[in-house]
Every structure is written in structure tokens, then in C-alpha cells.
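These notes are about the structure you will find just below.
The values are calculated or read from the model by the stated rules, or taken from the named source; none is laboratory data. Just so it is clear, the model here is predicted, and its values are computed rather than measured. Reconstructed Cβ throughout: ideal geometry from the backbone, glycine too, with neighbour counts over all protein chains shown. When the accessible area is computed, the model is the full protein with side chains, heavy atoms only, and any ligands, DNA or RNA have been set aside. Shrake-Rupley method; radii C 1.70, N 1.55, O 1.52, S 1.80 Å.
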Amino acid sequence: MKISFNQGLIIAVIFSYLLMLLGGAALKPDYSHVSQYISELNAINTPYADVISWFGFGLFGLISAITIVALAKHVPVSGMSKFGYWLLLAEPIAYLGSAFAPCDLGCPTEGSISQLLHNLLAITTLLATTLALFLLTFTPSLKLYWRLFWLGLSITFFLLFTLMIDSDFDEWKGLIQRVQEALIFSSLCIAAWRVTHK
């Protein structure tokens, strides 16, 4: 099967995410996917933080942004859904931002200037991504079950974030974030792959 350039980009997004997540964790034997945020992989003053920042977060964010831009002309969006599509750039921006403004150890709610910028970026991109997913429900000619899917995904994305930052779920915040990431990235990659086959 011949792989197109755009499909190659989608594959690159998947591999760069796995490189960031699994490769970064491999450099930090004490890291826990269950109890730690992904941002703790490149926390300030931790081993290999710069490597994970640029070859993990930065690379994934850059490839993701390029993919969104490259696929824009193939996605059947207009009006509000087109605005929603471009809001998806919030996710690449969040990861690129994590490379430039990593969190402190433990990703506390308060801390250094870098931590405060990290938190501001996280909240801003959360709201933007939630809105983006919601606006995709208005994509023209979309079947009802797809509209319900994007609506459900936007609600789930937001709810998982609220659970992730709830101190009652502190021991599970990493796992909750992994589920959130898996849901949104797999959904977007599958949708992107479907678009490239049309």
C-alpha cells in the first residue's frame, strides 16, 4: 500500500508521541505513568529534561502543528467547524509551550515563573481544545452519530481534565491524563486518516 505525504505525517505524529511518552519515561526509571503528569518528564532540574523537551515535547508539537496545517485543505469544514478545526492547534501549542516553559518538579499549582506560564498554557489550551472538539459537531454533512461522537469527546476531554487536577485522584492523575490523551489523539488521527482516503 502506498503511503501519501499526509498519511506519512499522521504516522509521524503517532511515532513522535510514543517517542516523547515512552522514550522520555525510559530515560527516567522512577517515572510513573499512573501517578505523574506527562509534563513531569521534562520538569526543571531533572535528568535529561532538555533532551525530552526538544526531542519529545518540541518534536511532537511541531509535527502535530505541521500535520494540522497540511490537512486543512482536505478537511470538509466551514464556518464554526472550520474555526474549531484551527483551534485544534491548541494541542501542538501546549506541547511546544511545555518545551519552552517546563513545570517544576511535581507540577505544583504554584511555583517558578516557568511553572506559572506552564499552568496558564495548560488552562488556555484545555479550553481551546474543548471548544474545538465541540465546534467540530457543526461540520457540514456530518452524520448524526459523528456529531454525537465529537460532542461526547469534548465533554469527556473536559471532565477527565477536571478529574486529573482533583487532589482526590492525585495517585491516578497520570493514568487519567494518559486516557485523555489516548482518546483525543487516537480520535483525531483516525479522523485524519479517513480524510486522506477520500
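Table for the structure above
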read-out: The chain: Cys lacking any partner C-beta under 4.7 angstrom; value: Cys189
read-out: Long-range Cα-Cα pairs in the range 18-134 (distance over 24 Å), rounded percent; value: 30 percent
read-out: From phi via Karplus (6.51, -1.76, 1.60), per-residue ³J(HN,Hα) for the range 181-188 in Hz, x at Gly/Pro; value: 4, 4, 5, 6, 5, 5, 4, 5
read-out: Within-13-Å neighbourhood charge of Leu18 [Cβ basis; K, R +1; D, E -1]; value: 0
read-out: Apportionment of accessible area to carbon and sulfur, the range 5-197, percent (1.4 Å); value: 74 percent
read-out: Reach of Lys2 by Cα under 28 Å, taken over lysines that are not fewer than 8 positions away in the same chain; value: Lys73, Lys198
read-out: Relative contact order, percent, the range 1-105 [alpha-carbon distance under 8 Å, six or more residues apart]; value: 36 percent
read-out: Mean accessible surface per residue for the range 140-190, computed with a 1.4 Å probe while every protein chain stays in place, in Å²; value: 59 Å²
read-out: The chain: relative contact order in percent, alpha carbon pairs under 8 Å with at least 6 residues between; value: 25 percent
read-out: Calculated [θ] (222 nm, deg cm²/dmol) that DSSP helices of n ≥ 4 give over the chain, each run adding -39,500 (n - 2.57); value: -19500 deg cm²/dmol
read-out: Alpha-carbon Debye profile of the chain, log10 I(q)/I(0) at 0.08, 0.15, 0.18 Å⁻¹; value: -0.26, -0.92, -1.28
